[in-house]
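Single-structure report; data block below.
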Amino acid sequence: MARIFCIANQKGGVGKTTTCVNLAAGLATAGQRVLLIDLDPQGNATMGSGIDKRTLTKSVYHLLVGLGTVADARVRAENGGYDVIPANRDLAGAEIELVGLDRRENRLRDALALHKSEYDFILIDCPPSLSLLTLNGLCAAHGVIIPMQCEYYALEGLSDLVNSIKKVHANLNRELSIIGLLRVMFDPRVTLQQQVSAQLEAHFGNKVFKAIVPRNVRLAEAPSHGIPGVVFDRSAKGAQAYLAFAKEMIERVKTL
């Protein structure tokens, strides 16, 4: 039965999509069956997986508004070895349409119910806001993975996100918990980043993943080729960090 995880952070530009795509590819490399769901109207996880969002006939939008199923919408990311339920601009309109629908927070959860046995991991790339789309992701998930930069503003945003997760846990999804925090775009030469990293470890303890993803040019180049960074240049430090993170996730799931 699949474990479902949201990759979420209310702050933009913190590496959510990069984490989602590379974790999916890293898990697939380790022999796991993976489904990636792109819940961001920008469709970056879709493009980063090598799927052209402009030519889609079905997407996650159709799934949410009841015009399609997982089987209709999923596409194979050949470069990464995982399945994708892609997104494009259509998804921006789903926010308004969802408001008038029954079980509007649980549309994604309901759509996935019949397909959990087909995957080991289902990863959901959320938009950088607590919208109805993000809420659908949180209501469908068992846990949240929070990628974050080790900077002051990131700490400020983290407290808001933790409070949001607590509210969803209390009111909508009793299974939801924080699986862990992943430090990304890390530069050990910056003293502030080292200090924030130490603060995270002191406050969150073993919730902080051991894997640390450094700033890496090869990771940044990979999306323009439509290939996950761990496949584009496996020897790069960023790719090695995400492969280590994937192994850590497989081990952590065993203890949940």
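The values are calculated or read from the model by the stated rules, or taken from the named source; none is laboratory data. Just so it is clear, the structure is predicted and the values come from calculations on it, not from any experiment. Quick reminder, even Gly has a Cβ in these numbers, built from the backbone with ideal geometry, and neighbours come from all protein chains shown.
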Checklist entry - Which residue pairs have Cβ atoms closer than 8 Å, lie 6 or more positions apart in sequence or on different chains, and pair a first residue in the range 237-252 that is on the phi > 0 side of the Ramachandran plot and at pLDDT below 95 with a second residue that is in a helix (DSSP H, G or I) and among the small types (Gly, Ala, Ser)? => result none
Checklist entry - Could you say whether any residue in the range 175-184 is in a loop (DSSP other than H, G, I, E, B), free of Cβ contacts under 8 Å to residues at least 40 places away in the same chain and over 19 Å from ALA246 (Cα atoms)? => result yes
Checklist entry - Which of the following residues is touching a helix residue (DSSP H, G or I) at 6+ places or on another chain (Cβ under 8 Å), buried (at least 21 other Cβ atoms within 10 Å of the Cβ) and either within 22 Å of LEU256 (Cβ to Cβ) or of a type in the set (A, V, I, L, M, F, W, C) (or both): LEU172, LEU114, LEU123, LEU155? => result LEU123
Checklist entry - Got a number for residues in the range 235-248 being buried (at least 16 other Cβ atoms within 10 Å of the Cβ) and more than 18 Å from the chain's Cα centre (by Cα)? => result 2
Checklist outcome for this item: For the range 198-216, pairs from a residue that is at pLDDT 95 or above to a residue that is assigned to a helix (DSSP H, G or I) and among the basic types (Lys, Arg), with Cβ under 6 Å and 6 or more apart or across chains, are PRO214/LYS237
Checklist entry - Do you know which residues across the range 231-256 are within 18 Å of LEU219 (Cβ to Cβ), hydrophobic (A, V, I, L, M, F, W, C) and outside any helix (DSSP H, G or I)? => result ALA236
Checklist entry - Across the range 68-99, which residue is surrounded by the most Cβ atoms within 10 Å (Cβ to Cβ) among those that are at pLDDT 95 or above, closer than 16 Å to LEU133 by Cβ and of a type in the set (A, V, I, L, M, F, W, C)? => result ALA87
Next on the checklist: Only one of ALA170, ALA202, ALA154 is assigned to a helix (DSSP H, G or I) and under 22 Å from ASN44 (Cβ atoms). Can you tell me which?
Outcome noted: ALA154
Checklist entry - Which residues, taken from the range 184-214, are under 20 Å from ALA25 (Cβ atoms) and surrounded by fewer than 16 Cβ atoms within 10 Å (Cβ to Cβ)? => result LYS210
